[in-house]
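Read through the structure below, which is laid out as structure tokens, and then see the notes.
The values are calculated or read from the model by the stated rules, or taken from the named source; none is laboratory data. Here the structure is a predicted model, which means the values were calculated and not measured. Neighbour counts run over all protein chains shown; Cβ positions are idealised from the backbone, glycine included. Each accessible area value is taken on the protein alone, full model and side chains, heavy atoms only, with ligands, DNA and RNA left out. Shrake-Rupley method; radii C 1.70, N 1.55, O 1.52, S 1.80 Å.
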Amino acid sequence: MSEAKAQLVEFGFSELHADKALQATNNAGLTQALDWLDANKDSPTLDEPLEAAPAAAESSAAAEPSAPASDGQAQSLVCNECQKQFKNEELAQYHAVKSGHTDFAQSTEAVKPMSEEEKQQKLAELQARISAKRQRRAEEEKEEQRKNELLRRKAGQDHAEQQERLKEQQ
């Protein structure tokens with residue numbers, strides 16, 4: 001028994017329901033399975049044997065792979081703060097860490113692949129950002145070197161003054 005299935009059974013779901021939820025979410029994880037179970041708790045097909053449900057799901061998925069799922073199955077995550085869409089939870093977590101956003105929701109819309117034109121535009125934008133960041137970093141390093149040089153000169157002057165005082169005292 002998988003870990004996610006075991007946890008679902010511990011939560012009080014039957015093994016059949018746990019299997020259906022995991023299969024419907026392509027074993028995406030416990031959270032997705034719980035969400036699927038919550039969305040389908042009143043479904044009349046939930047208690048049907050496992051063999052009947054996958055065939056129906058496969059035929060509907062094969063008929064329209066890019067369309068939103070008709071049963072309300074989540075296909076992506078959406079940041080409610082900036083409306084960006086993410087393929088999986090990992091990308092959404094990365095976005096949350098980088099942006100500080102915390103409000104995410106599941107979406108039945110699949111993430112649309114980028115066209116060649118969009119890819120080229122995104123690539124040019126990223127290259128410009130990288131170039132600007134390198135330029136800022138070079139300017140910061142130059143300023144740091146200038147400050148270090150001033151400190152070095154000051155330390156040299158202080159050392160020379162101390163040497164002179166020692167000679168005077170002797």
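How much area per residue is accessible in region 113-170 when the probe is 1.4 Å and only protein heavy atoms are counted (Å²)? Each step should come with its number before you reach the end.
On the way: 5940 Å² over 58 residues.
Heavy-atom accessible area per residue stands at 102 Å².
Where does each of 100-111, 19-30 land if you order them by average Cβ count within 10 Å, highest first? Don't skip to the answer; put the middle values down first.
Working: 100-111: 13.7, 19-30: 18.6.
Result, highest mean Cβ count within 10 Å first: 19-30, 100-111.
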**OP:** At q = 0.30 Å⁻¹, what is the base-10 log of I(q)/I(0) for region 125-168 according to the Debye formula with one equal point scatterer per Cα and no solvent? Please give it to two decimals.
**Re:** -0.92
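Rounded, prolate or oblate: pick one for region 97-170, where a ≥ b ≥ c are the square roots of the eigenvalues of its C-alpha gyration tensor, a/c under 1.5 means rounded, and failing that, prolate if a/b is larger than b/c, else oblate.
Details: a/c = 11.69, a/b = 3.21, b/c = 3.64.
Oblate shape, in that a/c is at least 1.5 and b/c is the bigger or equal ratio.
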Original post:
Got a number for the accessible area of ARG152? Probe 1.4 Å, square angstrom, nearest 10.
Top reply: 140
Original post:
How about LYS41: which aspartates and glutamates have a C-alpha closer than 20 Å to its C-alpha, ignoring those fewer than 8 places off in the same chain?
Top reply: GLU10, GLU15, ASP19, GLU51, ASP71
Original post:
What residues qualify as long-range amide H neighbours of PHE104, i.e. H under 5 Å apart, gap of 5 or more or another chain, H built at 1.01 Å from N?
Top reply: ASN80
Original post:
Mind checking the log10 I(q)/I(0) for the chain at q = 0.09 Å⁻¹? Debye, one equal scatterer per Cα, no solvent, two decimals.
Top reply: -0.55
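Quote to one decimal, in nm, the extra length available between ARG153 and GLN170 on full extension: 0.36 nm per residue of separation minus the C-alpha distance between them.
Details: separation 17, 0.36 × 17 = 6.12 nm, distance 2.61 nm.
So the chain would gain 3.5 nm between ARG153 and GLN170.
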Original post:
In terms of Cα to Cα distance under 16 Å, which lysines are near enough to LYS98, apart from those fewer than 8 places away along the same chain?
Top reply: LYS84
Subject >> Across LYS5/LYS87; LYS5/LYS122; LYS119/LYS142, pairs whose alpha-carbon gap is larger than 30 Å >> reply: LYS5/LYS122; LYS119/LYS142
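Please report the net charge: other residues with Cβ closer than 11 Å to the Cβ of ALA4, K and R +1, D and E -1. Don't skip to the end; give the middle numbers.
Working: positive: LYS5; negative: GLU3, GLU10, ASP19.
Net of charged neighbours comes to -2.
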